[in-house]
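J.: Before I ask anything, let me first share the structure, which is written out below as structure tokens.
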């Protein structure tokens, strides 16, 4: 799987042009209808819903009111928004610190050796967020968690419970984001010319210096695009903050779902969703722009000048 | 980088990804209704419960049905779309492509809320086809990504040669393009299938408890009482995912399917 930012397909057809007849349009009919109805229309409904009025008996009535947005932007929800963004950025940073070197080293291995790791990454990626939350709540619990292991090793006096809490949320965020980041970086890293780091080595760079000064600058767009993808994915996660977090870590998706399902207040849920969408797009654009700009230069020992 | 550094990095990532599953597998074999790790003995009774208790196997059947049809829909959207984009120059095809890739650029909760709002407006909230269609559109991104990679790797000279020898567009598709992209199509189907099987928030917001899928059932148990059956089901899910992806790796070239270029 490649990131949605992957370069578009190049038409391989030598005689592509106007003389194709109706075929392309016939073939495109179903994808166009399906994606418009199932993707574009729902977004439009959410955008409109934010201005509708909630009614007690049913779901909502058509109106143009701004109180939903006033509530979505009140002090409480703005604080939740800030918490959501900071948590997602922290998880993104940790994920990239693991995924970038791991993917680079993985793609330097022979293809056949990569397969078991790719299977593990794919299986982890597909694991339900519900199962991930359950597994981490066990791993961090008092009765079945790693604290028992630490007690057995004499590193701790008594088993402790670390879930729910901030650490549990971040660990699980990184767990769901890591496979996505690896698979998003994989195509670009695979296509990196093997000779580049070798040339850096010939010119006296240590492997680490070669990685930081030669490989990373070439990969910065892919790394930034992956960062944006991971950020958005984590920012939209519901089960992990809901299950592994205390109310202090309840992010926007928890409150959006709460309003939509428990409190039956769809217009407020929609306005919260639009606020989240705008903020997540802005942060993602900034991350991608950072990737297009200059990579900070490091002066490392062993770098030939 | 040095071999030592590589081994440490691989060990760290593998340990991180496997640790929670090791605990889940351990908890699932507790003979009593406790969630101890290490387990207090060994028993497979909770795996038995998963297959005999209708409270667990009905949601499992629901999930399998949803995933099968959703993956078919995802592929049915992705195949013509990626083919037209590769073969013809049609202005709006890129816009449709952007819609197909966009779900992964949206926070998942927003996709789910959109699905909820759509099906309420269409007055079909809670009916099984809603989750199938919404999953299908959401997961189209995966076969779209694998098929785009596949078509990029297909040698255009092959197509040109066939056309010079008089093959029509349909014949070229049947005899060259389709056989070539079949492994990418299969991989895209498997990705969409496995992700649908595991998807929670869209399923929760479209059908919720009226057509309970396994993730929705596990989430309910997570809030209203843990049980070792949850661990057994989770371990089974992971095993199924590993088996399916290992199978894809057996019949196809996994690095290439995931976008590595065409070298030996």
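J.: Conditions first: (1) more than 7 Å from chain A (Cβ to nearest Cβ); (2) within 30 Å of residue B:170 (Cβ to Cβ); (3) not in a loop (DSSP other than H, G, I, E, B). Residue B:84 passes all but one, so which condition is the exception?
T.: Unmet for residue B:84, out of (1) more than 7 Å from chain A (Cβ to nearest Cβ); (2) within 30 Å of residue B:170 (Cβ to Cβ); (3) not in a loop (DSSP other than H, G, I, E, B): (1).
J.: Moving on to the next point. Could you tell me which residue of region B:147-163 is surrounded by the most Cβ atoms within 10 Å (Cβ to Cβ), considering only residues that are more than 10 Å from chain A (Cβ to nearest Cβ) and more than 30 Å from the chain's Cα centre (by Cα)?
T.: Only one residue fits best here, namely B:162.
J.: Restricting attention to region A:181-194, which residues are within 9 Å of chain B (Cβ to nearest Cβ) and either outside any helix (DSSP H, G or I) or within 11 Å of the chain's Cα centre (by Cα) (or both)?
T.: A:191
J.: So which of B:174, B:127 is over 30 Å from residue A:269 (Cα atoms) and more than 10 Å from chain A (Cβ to nearest Cβ)?
T.: Sole residue among the options that is over 30 Å from residue A:269 (Cα atoms) and more than 10 Å from chain A (Cβ to nearest Cβ): B:174.
Yes or no, residue by residue, for (1) within 10 Å of chain A (Cβ to nearest Cβ); (2) touching a residue at least 40 places away in the same chain (Cβ under 8 Å):
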residue	(1), (2)
B:35	yes, yes
B:45	no, no
B:50	no, yes
B:55	no, yes
B:59	no, yes
B:75	no, yes
B:92	yes, no
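J.: Filter region A:203-221 for residues that are touching a residue at least 60 places away in the same chain (Cβ under 8 Å), part of a helix (DSSP H, G or I) and more than 11 Å from chain B (Cβ to nearest Cβ); which is surrounded by the fewest Cβ atoms within 10 Å (Cβ to Cβ)?
T.: Here the answer is A:217.
J.: Do we find that residue A:161 is crowded, with 19+ Cβ neighbours inside 10 Å, more than 8 Å from chain B (Cβ to nearest Cβ) and free of Cβ contacts under 8 Å to residues at least 24 places away in the same chain in this structure?
T.: So residue A:161 fails the test.
J.: Right, another one. Would it be correct to say that residue A:118 is assigned to a helix (DSSP H, G or I), at the interface with chain B (Cβ under 8 Å from one of its Cβ atoms) and over 19 Å from residue B:25 (Cβ atoms)?
T.: Yes, satisfied.
J.: I'd like to know if region A:80-99 contains one or more residues that are at the interface with another protein chain (Cβ under 9 Å from one of its Cβ atoms), in a helix (DSSP H, G or I) and free of Cβ contacts under 8 Å to residues at least 12 places away in the same chain.
T.: No, every residue in region A:80-99 fails to be at the interface with another protein chain (Cβ under 9 Å from one of its Cβ atoms), in a helix (DSSP H, G or I) and free of Cβ contacts under 8 Å to residues at least 12 places away in the same chain.
The rows are residues; the columns are (1) out of contact with any helix residue (DSSP H, G or I) (no Cβ under 8 Å at 6 or more places or on another chain); (2) under 19 Å from residue A:149 (Cα atoms); (3) assigned by TED's automatic domain parsing to the domain that holds residue B:213; (4) at pLDDT 85 or above.
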site: B:8; (1), (2), (3), (4): yes, no, no, yes
site: B:11; (1), (2), (3), (4): yes, yes, no, yes
site: B:17; (1), (2), (3), (4): no, yes, no, yes
site: B:59; (1), (2), (3), (4): no, no, yes, yes
site: B:69; (1), (2), (3), (4): no, no, yes, yes
site: B:73; (1), (2), (3), (4): no, no, yes, yes
site: B:80; (1), (2), (3), (4): no, no, yes, yes
site: B:85; (1), (2), (3), (4): no, no, yes, yes
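J.: Quickly run through region B:204-228 and pick out the residues that are assigned to a helix (DSSP H, G or I), in contact (Cβ under 8 Å) with a residue 60 or more places away in the chain and facing chain A (nearest Cβ under 10 Å).
T.: Hits for region B:204-228 are B:204, B:205, B:214, B:215, B:216, B:217.
J.: Looking at region A:30-42, which of its residues are more than 26 Å from the chain's Cα centre (by Cα) and closer than 12 Å to residue B:93 by Cβ?
T.: A:32
J.: Which one of these is surrounded by fewer than 18 Cβ atoms within 10 Å (Cβ to Cβ), at pLDDT 90 or above and closer than 23 Å to residue A:132 by Cβ: B:239, B:235?
T.: Matching residue, one of B:239, B:235: B:239.
J.: Please go through region B:38-54 and pick out each residue that is over 24 Å from the mean Cα position of the chain (by Cα) and either under 30 Å from residue B:188 (Cβ atoms) or in a helix (DSSP H, G or I) (or both).
T.: Once the filter is applied, which keeps residues that are over 24 Å from the mean Cα position of the chain (by Cα) and either under 30 Å from residue B:188 (Cβ atoms) or in a helix (DSSP H, G or I) (or both), region B:38-54 yields B:45, B:46, B:48, B:49, B:52, B:54.
J.: So which residues in region A:134-152 are crowded, with 20+ Cβ neighbours inside 10 Å, assigned to a helix (DSSP H, G or I) and more than 7 Å from chain B (Cβ to nearest Cβ), if there are any at all?
T.: Correct list: A:137, A:147.
J.: Within the group B:102, B:112, which residue is farther than 14 Å from residue B:189 by Cα, more than 7 Å from every other protein chain (Cβ to nearest Cβ) and under 17 Å from the mean Cα position of the chain (by Cα)?
T.: Testing whether each residue is farther than 14 Å from residue B:189 by Cα, more than 7 Å from every other protein chain (Cβ to nearest Cβ) and under 17 Å from the mean Cα position of the chain (by Cα) leaves just B:112.
The values are calculated or read from the model by the stated rules, or taken from the named source; none is laboratory data. Since we're looking at a predicted model, the values are computed, not measured. Every residue, glycine among them, receives a Cβ derived from its backbone with ideal geometry; neighbour counts consider all protein chains shown.
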